[in-house]
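Peer 1: I have a structure here, written as structure tokens, and I will follow up with some questions on it.
The values are calculated or read from the model by the stated rules, or taken from the named source; none is laboratory data. None of the values given here were measured: they were computed from a predicted structure. For neighbour counting, all protein chains shown are included, and Cβ atoms are generated from backbone atoms with ideal geometry for every residue, glycine included. Just so you know, the surface numbers come from the protein's heavy atoms only, side chains and all, with ligands and any DNA or RNA stripped out. Shrake-Rupley method; radii C 1.70, N 1.55, O 1.52, S 1.80 Å.
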Amino acid sequence: MLHAIGYVAAIFIGLSLGIMGGGGSILTVPVLVYLMGVSPVLSTAYSLFVVGSTSVVGASGYFRKGLVSLKTALVFLGPSLAAVFAVRRLVMPAIPAELFTLGGLVVTKDLLVLVAFAGLMVVAAASMIRSRGPEAPAETAVKPPFNYPLVLGIGLVVGTLTGFVGAGGGFLIIPALVLGARLPMKLAVGTSLVIIALNSLIGFSGDLSAGTPIAWPFLLGFLAFALAGIVAGTYLARFIPGHRLKPAFGWFTLAMGTFILLRELVF
């Protein structure tokens, strides 16, 4: 029963990525851990593959419509790709299985990943709940001065977070593209999907080179449901403004993050 719910959740993850350019990937690790029974650390690797592959499909739809800024993506991806590969290839394998004991609580690598992920979910939820402004149409976009330091800095932060927790970071990428690169919302969504796709797949390649065992039949089956979701989401994005869904999705994400923190630290 839990597995069936997990596959439905995979469709929802794809829908969110297609409509909002991010957000859904923040649920991939909790779905894999609590519904599909995958270990927290391995679920971050699986999440990178699912989110990356799904975003490739979503990005292709936006690319065909001319809603991808390649210049912005390239500037963002420089520090981001370096950070995500380094974290997956060097940092994650170096973290010991047991870190330290805090009172009666043994802080393990799995616990660290889940708590960090839950904290990221709370931050993401706050960002989405506050995001209530209307979308700017792509055709009215004028190119004001490009804020290189902001875009490069957030690229580094997003790459590090993507590598550690296996999330795409769309909730950080889209504000950076709108405020730093001055992109209108639709163009930011398409560009975000390109960045998420490359970030996630490069991160997953770090896992492969580190020898992480992959259950390919399961992973490809889960991916198939997420792909169905993003195909539908990319189509529905024509009719459903992402900013209208973000607050509701943010509250749901906040509830999930709070649940993980309570489950892992209290109960």
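Peer 1: Looking only at segment 54-62, decide whether some residue is open to solvent by less than 10 Å² (accessible area, probe 1.4 Å) and within 21 Å of Leu156 (Cβ to Cβ).
Peer 2: Yes, segment 54-62 contains at least one residue that is open to solvent by less than 10 Å² (accessible area, probe 1.4 Å) and within 21 Å of Leu156 (Cβ to Cβ).
Peer 1: Can Val107 be described as in contact with a strand residue (DSSP E or B) (Cβ under 9 Å, 6 or more places away or on another chain), farther than 22 Å from Leu172 by Cβ and either surrounded by 24 or more Cβ atoms within 10 Å (Cβ to Cβ) or among the hydrophobic types (A, V, I, L, M, F, W, C) (or both)?
Peer 2: Spelling it out, Val107 is indeed in contact with a strand residue (DSSP E or B) (Cβ under 9 Å, 6 or more places away or on another chain), farther than 22 Å from Leu172 by Cβ and either surrounded by 24 or more Cβ atoms within 10 Å (Cβ to Cβ) or among the hydrophobic types (A, V, I, L, M, F, W, C) (or both).
Peer 1: Would you confirm whether any residue within segment 212-219 is of a type in the set (Val, Ile, Thr) and at pLDDT 85 or above?
Peer 2: yes
Peer 1: Considering each of Leu265, Leu223 in turn, give the residue that is under 16 Å from the mean Cα position of the chain (by Cα) and touching a residue at least 12 places away in the same chain (Cβ under 8 Å).
Peer 2: Leu223
Peer 1: Right, next: Return yes when Thr234 is at pLDDT below 85, among the hydroxyl-bearing types (Ser, Thr, Tyr) and more than 14 Å from the chain's Cα centre (by Cα) and no when it is not.
Peer 2: Yes.
Peer 1: Can you report the number of residues in segment 45-83 which are part of a helix (DSSP H, G or I) and either charged (D, E, K, R) or within 30 Å of Gly221 (Cα to Cα) (or both)?
Peer 2: 27
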